[in-house]
Amino acid sequence: MTRVLVVEDDPQLVRALVINLQARRYGVDPAPDGTTALRIAAARQPDVVLLDLGLPDMDGTDVIRALRGWTRVPILVLSARRASDEKVAALDAGADDYITKPFSMDELLARLRAAVRRTDDVPLTPETTLVRTDGFTIDLLAKKATRAGHDVRLTPTEWHLLEILVTNPGRLITQKHLLAEVWGVSQSNKTNYLRVYMAQLRRKLEADPAHPRYLITEPGMGYRFES
């Protein structure tokens, strides 16, 4: 049984989540605050965490950082905070996804299933470094990309950017993280760099660069690779 830790101080929302999750055969551990959540996480080892940012005893981003000190469990943020900088702060702290309240239960359950699937995927190792899509193939070991049977020439910067995305399939990678990884911390506000290079990657790899299937933009936040 997949165990879900629900960190939320709104009793009505907790009740709705517990009912819906248990009806779909998830095990549920509710926690009304961050301190309780961290204690339960250590004791119960949940498979997924649903986390509100506005907790009574600490900010949710502090809970994320504390969890990331010892676990890679998927963390889905549920929050009424809509500002892009707050979303980015949660993602940079280590959250895997961000769902803005109010949300539909169907959307939440779909995101939850996707998070569980990603944890079930076999991690990349030197023996399994091929990333295949219907449109192109990436050989991470050989640092080689092919599309329709032909090699795709990528610059070192394009390759570095692509490598970060494809080794985190389905996960939203923030603009700040990509800029720091590829260009260095001093360039972490140069979002125009990302737009240019992502456009180049789409032209080289996507069948329809204007409507990308694999290299997806999350406006104001970052990018994700959908396999």
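Taking the criterion of being out of contact with any strand residue (DSSP E or B) (no Cβ under 8 Å at 6 or more places or on another chain), of a type outside the set (A, V, I, L, M, F, W, C) and open to solvent by less than 20 Å² (accessible area, probe 1.4 Å), the only residue of the stretch 146-177 that qualifies is Glu158. For the stretch 51-62, taking the residues that are of a type in the set (Asp, Glu) and open to solvent by 60 Å² or more (accessible area, probe 1.4 Å), the one that is farthest from Leu13 (Cα to Cα) is identified as Asp62. Looking across the stretch 178-227, the residues that are out of contact with any strand residue (DSSP E or B) (no Cβ under 8 Å at 6 or more places or on another chain), closer than 21 Å to Asp96 by Cα and touching a residue at least 40 places away in the same chain (Cβ under 8 Å) come down to Arg213, Gly220.
Here Arg65 fulfils each of the conditions (1) closer than 15 Å to Ala93 by Cβ; (2) basic (Lys, Arg); (3) open to solvent by less than 60 Å² (accessible area, probe 1.4 Å) apart from (3).
Each residue in the stretch 27-36 was checked for being part of a helix (DSSP H, G or I) and either of a type in the set (A, V, I, L, M, F, W, C) or open to solvent by 20 Å² or more (accessible area, probe 1.4 Å) (or both), and 2 pass. Scanning the stretch 145-158 for residues that are at pLDDT below 90 and either at negative phi or in contact with an Asp or Glu (Cβ under 8 Å, 6 or more places away or on another chain) (or both) yields Arg153, Leu154, Thr155, Pro156, Thr157, Glu158. When Asp134 is tested against (1) modelled with pLDDT of 90 or more; (2) out of contact with any Asp or Glu (no Cβ under 7 Å at 6 or more places or on another chain); (3) crowded, with 18+ Cβ neighbours inside 10 Å, just one condition goes unmet, and that condition is (3). Among the conditions (1) under 21 Å from Gln12 (Cα atoms); (2) surrounded by 15 or more Cβ atoms within 10 Å (Cβ to Cβ), Ala95 misses just one, which is (1). For the residues Thr36, Thr61, the requirement of being farther than 17 Å from Asp96 by Cβ and hydroxyl-bearing (Ser, Thr, Tyr) singles out Thr36. Find the residue count for the stretch 112-124, including only residues that are open to solvent by 70 Å² or more (accessible area, probe 1.4 Å) and at pLDDT 80 or above. Selection size over the stretch 112-124: 1. Candidates in the stretch 12-26 are the residues that are surrounded by fewer than 15 Cβ atoms within 10 Å (Cβ to Cβ) and in contact with a helix residue (DSSP H, G or I) (Cβ under 8 Å, 6 or more places away or on another chain); of these, the one that is nearest to Asp47 (Cα to Cα) is Arg24.
Among the residues of the stretch 37-50, those that are in contact with a strand residue (DSSP E or B) (Cβ under 8 Å, 6 or more places away or on another chain) and surrounded by 16 or more Cβ atoms within 10 Å (Cβ to Cβ) comprise Ala37, Ile40, Ala41, Pro46, Asp47, Val48, Val49, Leu50. Taking the criterion of being outside any strand (DSSP E or B) and of a type in the set (S, T, N, Q), the residues of the stretch 127-141 that qualify are Thr128, Thr129, Thr133.
The values are calculated or read from the model by the stated rules, or taken from the named source; none is laboratory data. What you see is a predicted model, and the numbers here were worked out from it, not measured in a lab. Heads up, the Cβs are rebuilt from the backbone with ideal geometry, glycines too, and the neighbour counts pull from every protein chain shown. Each accessible area value is taken on the protein alone, full model and side chains, heavy atoms only, with ligands, DNA and RNA left out. Shrake-Rupley method; radii C 1.70, N 1.55, O 1.52, S 1.80 Å.
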